[in-house]
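The values are calculated or read from the model by the stated rules, or taken from the named source; none is laboratory data. Since the structure is predicted, the reported quantities are computational estimates derived from the model, not experimental observations. Counting neighbours? That spans all protein chains shown, and the Cβs are built from the backbone with ideal geometry, glycine included. Just the protein is used for accessible areas: all its heavy atoms, side chains included, with ligands, DNA and RNA removed. Shrake-Rupley method; radii C 1.70, N 1.55, O 1.52, S 1.80 Å.
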Protein chains: 4
Amino acid sequence: MDGETQTGTNDYIVPEMMRAWVLGDPEELSFVEKPTPVPGAAEVLVRIDAIAVCATDLEIISNGPPALIEGGQPFNKNFTPGHEYMGTVVRLGAGVDEFEPGDRVTVEIHAGCGRCERCREGMYTACLNYGMNYGEKDKGHRANGFTTDGGFAEYAVNNINTLIKVPDEMSDEEATLVVTAGTAMYGLDVMGGLIAGEGVVVIGPGPIGLMGVAVAKALGAQPVILTGTRDGRLQKGLELGADHVVNVRNEDAVAAIDRITGGKGVQYVLECSGAPNAVNEAMRMVNRGGRICLAAFPSEPAPVDIAHVVRNNIYLFGIRGEGKSATHRAAAFMAQRRFDATVIHTHTFPLDEVPTALKYARERIEDAIKVVVKMTPDTTGS
Amino acid sequence: MDGETQTGTNDYIVPEMMRAWVLGDPEELSFVEKPTPVPGAAEVLVRIDAIAVCATDLEIISNGPPALIEGGQPFNKNFTPGHEYMGTVVRLGAGVDEFEPGDRVTVEIHAGCGRCERCREGMYTACLNYGMNYGEKDKGHRANGFTTDGGFAEYAVNNINTLIKVPDEMSDEEATLVVTAGTAMYGLDVMGGLIAGEGVVVIGPGPIGLMGVAVAKALGAQPVILTGTRDGRLQKGLELGADHVVNVRNEDAVAAIDRITGGKGVQYVLECSGAPNAVNEAMRMVNRGGRICLAAFPSEPAPVDIAHVVRNNIYLFGIRGEGKSATHRAAAFMAQRRFDATVIHTHTFPLDEVPTALKYARERIEDAIKVVVKMTPDTTGS
Amino acid sequence: MDGETQTGTNDYIVPEMMRAWVLGDPEELSFVEKPTPVPGAAEVLVRIDAIAVCATDLEIISNGPPALIEGGQPFNKNFTPGHEYMGTVVRLGAGVDEFEPGDRVTVEIHAGCGRCERCREGMYTACLNYGMNYGEKDKGHRANGFTTDGGFAEYAVNNINTLIKVPDEMSDEEATLVVTAGTAMYGLDVMGGLIAGEGVVVIGPGPIGLMGVAVAKALGAQPVILTGTRDGRLQKGLELGADHVVNVRNEDAVAAIDRITGGKGVQYVLECSGAPNAVNEAMRMVNRGGRICLAAFPSEPAPVDIAHVVRNNIYLFGIRGEGKSATHRAAAFMAQRRFDATVIHTHTFPLDEVPTALKYARERIEDAIKVVVKMTPDTTGS
Amino acid sequence: MDGETQTGTNDYIVPEMMRAWVLGDPEELSFVEKPTPVPGAAEVLVRIDAIAVCATDLEIISNGPPALIEGGQPFNKNFTPGHEYMGTVVRLGAGVDEFEPGDRVTVEIHAGCGRCERCREGMYTACLNYGMNYGEKDKGHRANGFTTDGGFAEYAVNNINTLIKVPDEMSDEEATLVVTAGTAMYGLDVMGGLIAGEGVVVIGPGPIGLMGVAVAKALGAQPVILTGTRDGRLQKGLELGADHVVNVRNEDAVAAIDRITGGKGVQYVLECSGAPNAVNEAMRMVNRGGRICLAAFPSEPAPVDIAHVVRNNIYLFGIRGEGKSATHRAAAFMAQRRFDATVIHTHTFPLDEVPTALKYARERIEDAIKVVVKMTPDTTGS
């Protein structure tokens, strides 16, 4: 029955088979035909219209999903990566009336199990059953593109908890950036969230850092200071609202914050660089009682001046993902055009060129920041 | 007029001069006569009846007050150290009716400036004007025994914010331990405080760690697990309510928590050891989304597995002191006899033997935990 | 196949049909045979061993479930009421390994939908899909005994989110009281939860109020004051830890609090009486900035002195049920024997005498407080 | 020395005597000469440049300061009312280096005592020593224009906690509106503060309500809905960012919210009308688990549907004033020109016409909203 005819405005043709990129051994991506998935209770089928490449995608494709429990997870073969996608609702699972076919949606990643201690307190991105979505042990956790099929494909199934409606005025490309902005907002939220008039330093002008600048400014932070090593990226920060940028190749980062704030330091640091010394620098950028959100990390343990943390009553918040419905709040700011997230979108490729898109992102070819894969009419078949 | 006669029950004789230990160059303590201080507005004069020795006292006497702003503070000569004291109110400053002469009181350390951003939000132990109590720059901050005169003396002046009433049933010696229990409670508070039925690990059976065991159990935590290297200290932990103790000379600490909790880990760790690897161990004791309070620190920067913090949404809270009125809550538990803090009190000396008391504490002679200096009638002169 | 033989220790005989009380028209309860329910994913089948009668049961049997959305819900025919039950896990639904057959469990009421804004932030007792558990519109919400089948029966199906393990040492009767204590604890939690040494007034010595006294004292509140009209109930409050009780037939409640606290008032009031003037009295018992939890309510709108609320920065928290996993915390206190909840258990009847049990509870025959229905071996058939 | 010569840029002439309006019996305002006050420790002298009239000023002049403790405070004779002022720092008290002469500042009202339980936790607007600023009992509380001399004068003394710097670009008139915006922001803060993308209803388009619209929108709330009875005021709401306005003379307020939100209701209501039925309407505008801030109140107790509050897990937050440094956050938004507060400024008068200014405000002559008294050069004498 599916895939036959389109009888009404929102009566979508859904083919039984779809095209998707599937990961085999590390780095082995194949473009295959596979069955279009079917949404279950509390799920919908999304026709993917665009998807952005995240640095974590590159990591997953090379090394497997982040080993949340060290040593606990094998390399995840035979699944479709990609998690920063948006599209159109085309089928509803049982009991779903929160969405209708035809709704444009963007996604967040984590659907918690709903039954562990963390989910019960609303911390669904820290679900204790992360990755428990196989066979007998299926606890209901979903992290599309991490542990369940993601978006480098024509269709994906999403739990309704992971969907945010996209207004007509927002382009497909911009909508893929919502979850990045949502991660930055989550970082600001866990530090307290009431930041109007407070100083915020963002370390590292990657996509999350740049969105952190934009969201902090939207919330009224003052000054918002961005530090990094590349002038092109720092320039993007200025476009997104940074009051000051510091190229740490030219000036010591801590000294610069000291200079800009007249010796007072800031209240909040959002660390998005993963540089080995970033935590130590962050703790010297904040004043006593300051707060630091860690959204990135070095690959190896790095020396940390714990004494300074304790003596100065500093709080450090590690975050993973986009919890506390922060993506909805970020989407609201974007829908209200408080900032133009598209300044970080630099390149676009069609679905059959995913390997090229990944290569641009990985090697930062032509100063790529956000590379988007955009379905074309003949790609999506609709 | 002072010091002459006692005309009523609570009309105390206060001599014009008192005996006090004064710190000169590092390690140079002298027992001198100096003027009895006079309380100002919002202050009282406390006749000191007992004072416990804290490891930080030893640090201050050797190296000066903790360099809260690195390099910012010179060695603090010519002041009286000691901050864990209790006594009797004998004089009221202007405007004080919260206390009366004769009230038995114990103290907390920090009186914030009341005018900085941190004090305005109630984080007075992280006062931005810490140490600003000299001459023209007096912002009102007081940290008796750290930056202002403390309790190795016959009398001390205290801001009323630093006083807690002591019930008749509580001994002088026990009352000196309230601030230690208050620090432990603050540590549990900053992690959220609602811990009944939740697992808590305390690393390090020093005084704060042992009080952490007692307070966590009073709040209903289950299991409460104490780790350390000395069986005698661990035994004290059992007396104070620990459900399990782990001697890390015999068993890997992380493996032990894994064993005791059936692989689930705990929600909270209170790190009181300052061991270089304690933070890394703590982050493997907590489950995803877990919280760690750092109440101690190694002297040098230590390698920290920041990636594990970020991937597991872990929060780290550095604390200094006994904020958020936690001392009042700890005192309430002690007044209700929820635990017997005196099990950590091991030795007592008179005021003129402060150097011996310090030596016992420093060298842990006879397994000393808390060494108390107790005024005797002829010592206090009352 | 079910119900044939018991082949192992925890291999329970589950009959295909069970006995259950079913509500027809208002007040019409029938004791019938009906099919034993089958647990689905994330559910277990509980053999009910005991169930307490709650005042809300009486309300549901007479008038239907509380009209959470006014006018929205018809009288709920043909279901089994009763929500304060405990029992033994006898069957596991798909994917459940959190429990095993043979586990003794007690229940909380609410299993949120997991997909609305409130559930996503952890406020599952305020689920926006409350009552949406019928056919096409099944959103997954369950409130056993309110909108789905409850516990006046031999068996019930429970979402694992609603289960708490019961230690061997706790009797069946005591275990039925956990959810009542959990509701009281939730009330204290929403007001902030850090109440050691703070004054708490509980208005109304019904079951929730009496458990409120016990939990407040377990958390270290001081003084805990209970007000009511019947000396027998107030006496129970003293047994559960109240420092003071006030019979408001003899003394004005506000004046009494003023007297007991030396004019200072308390920080927190837990209002459990539903008396029309209770809110006005509560706001005069708390000091400025005080907090009031409303766990009961009068049947009609009552005059409230809103000006006093605003001028004094008072917060009022309406609560329904036992959110934030408070039941787990209450169960932990009970397992640790911090208080003896059984002092409120006054009467016991077998399953076939549910109408008598309800009559005792409704008419408070022989000063009934908590009436428990206890299955007997021949009743449960095991 | 004072008042003689101006020797440098910021060396202000301060006369020994100043002109000020002084309240005698109710409604009796006199324009007198009185000594210019002298700032103490942690205080500065502010030359008043502009002051707005607040409805509470009218109340104070007619009836005395709000009886925070009913019956506790006599009519406050012989003081200078007025609390929404701004000006220029001209003298520093002891220990002040946070400000310099010449700084333009606006004020908030409350300087807490710093020694009560509320101040210690950062709730300084709910200071337990409110009004304790007389003679022997001076606890340090200051509420200029309420219990201590305010701003209908040439000069006033302010605790530095009550000062916010004003950027050069902001006019004197606009700066007087900061504390009004700060009160609105405090209301949003106490409800949680993270409101981007959430629905907010503001009831009552008075100055606080209109600023509530502006601040809610600045924080990203969506939709922001303003209800009221006068189209002119509602029009101002639209100018300040309201997405919808409802004239409740034309449409039932609750029905309108239902219509606008598609039956979902909103998460937050900021009640600024004081209408007797406003609380009942607010609780039907929010969805289950919603939050209501009460910033206004009817003069008499009004019937409240407490059952609806309890059944729907609604929280009600009474606020007085501008706590939690919300004024600083509001000022930051205004400095960043997120909204144009001056749309509520309608009239201006000189200092000697204060009675006319009050009359315009009281009688809403010419649709007056905010009436500002502006010092002229010859008025201020500088």
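Below are the figures for this structure:
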quantity: Candidates per GluC sites (Glu not before Pro) in the range C:148-187, loop by DSSP, up to 11 other Cβ within 10 Å; calculated: C:GLU169
quantity: Long-range lysine pairs (8 or more apart or interchain), the range A:234-372, Cα under 30 Å; calculated: 6
quantity: For the range A:108-160 versus the range A:331-378, the gap between their alpha-carbon centres in whole angstrom; calculated: 25 Å
quantity: Chain A: DSSP helices with Cα axial extent of at least 20 Å and average Kyte-Doolittle hydropathy no lower than -1.0; calculated: none
quantity: Candidate residues C:GLU366, A:GLU353: accessible-area rank, largest first, probe 1.4 Å; calculated: C:GLU366, A:GLU353
quantity: C-alpha center-to-center spacing [the range C:219-260, the range B:170-189] in angstrom; calculated: 29 Å
quantity: Candidate residues C:ARG288, D:ARG362: accessible-area rank, largest first, probe 1.4 Å; calculated: D:ARG362, C:ARG288
quantity: Other-chain or far-sequence residues with amide H under 5 Å of D:ILE314's (modelled H); calculated: C:GLY318, D:GLY289
quantity: Residues of the range C:194-215 buried by at least 30 Å² on assembly (accessible area, 1.4 Å probe, chain alone as reference); calculated: C:LEU194, C:ALA196
quantity: Exposure rank, largest accessible area first [A:GLU43, A:GLU98; 1.4 Å]; calculated: A:GLU98, A:GLU43
quantity: Overall form of the range A:21-157 per C-alpha gyration tensor (a/c, 1.5; a/b vs b/c); calculated: oblate
quantity: Student exercise, the range D:280-382 dipole from Lys, Arg, Asp, Glu Cβ charges, in Debye to nearest 20; calculated: 680 debye
quantity: Backbone HN-Hα couplings from phi across the range B:264-277 [Karplus 6.51/-1.76/1.60, Hz, Gly and Pro as x]; calculated: 7, x, 10, 8, 9, 10, 10, 8, 10, 9, x, 5, x, 9
quantity: Kirkwood estimate for the protein assembly as shown, i.e. one over the average of 1/r between Cα atoms, Å; calculated: 34.3 Å
quantity: Binned Cα-Cα distances of the range A:264-367, short to long, each 10 Å bin given as a whole percent; calculated: 12, 28, 33, 21, 6, 0
quantity: From phi via Karplus (6.51, -1.76, 1.60), per-residue ³J(HN,Hα) for the range C:27-37 in Hz, x at Gly/Pro; calculated: 6, 8, 9, 10, 9, 10, 9, 8, x, 5, x
quantity: For the protein assembly as shown, size of Cβ-based charge dipole, Lys and Arg +1, Asp and Glu -1, in debye; calculated: 20 debye
quantity: For the range D:63-209, accessible area per residue (1.4 Å probe, heavy atoms of protein chains only), Å²; calculated: 28 Å²
quantity: Filtered trypsin sites (Lys or Arg not before Pro), the range D:232-265: DSSP coil and at most 13 other beta carbons within 10 Å; calculated: D:ARG249, D:LYS264
quantity: Karplus-derived HN-Hα couplings along the range A:340-346 (A = 6.51, B = -1.76, C = 1.60, θ = phi - 60°), whole Hz, x at Gly and Pro; calculated: 9, 4, 5, 5, 8, 8, 10
quantity: Other-chain or far-sequence residues with amide H under 5 Å of B:TYR155's (modelled H); calculated: B:ILE48
quantity: Solvent-accessible area, 1.4 Å probe, carbon plus sulfur percent, for the protein assembly as shown; calculated: 49 percent
quantity: Dimensionless Rg over Rh [chain A; C-alpha; Kirkwood]; calculated: 0.98
quantity: Per-copy distances of the D:GLU251 label point, shortest first, in nm (7 angstrom along Cα→Cβ); calculated: 5.2, 5.5, 6.7
quantity: Cβ-vector label at 7 Å, B:SER30, separations to other copies in nm; calculated: 6.1, 8.7, 9.8
quantity: Test item: Cα-centred dipole of chain C, Lys/Arg +1 and Asp/Glu -1 on Cβ, debye; calculated: 1440 debye
quantity: For D:PHE349, distant residues with modelled amide H under 5 Å away; calculated: D:VAL372, D:VAL373, D:LYS374
quantity: Solvent-accessible area buried by D and A, counting both chains, probe 1.4 angstrom, square angstrom; calculated: 1300 Å²
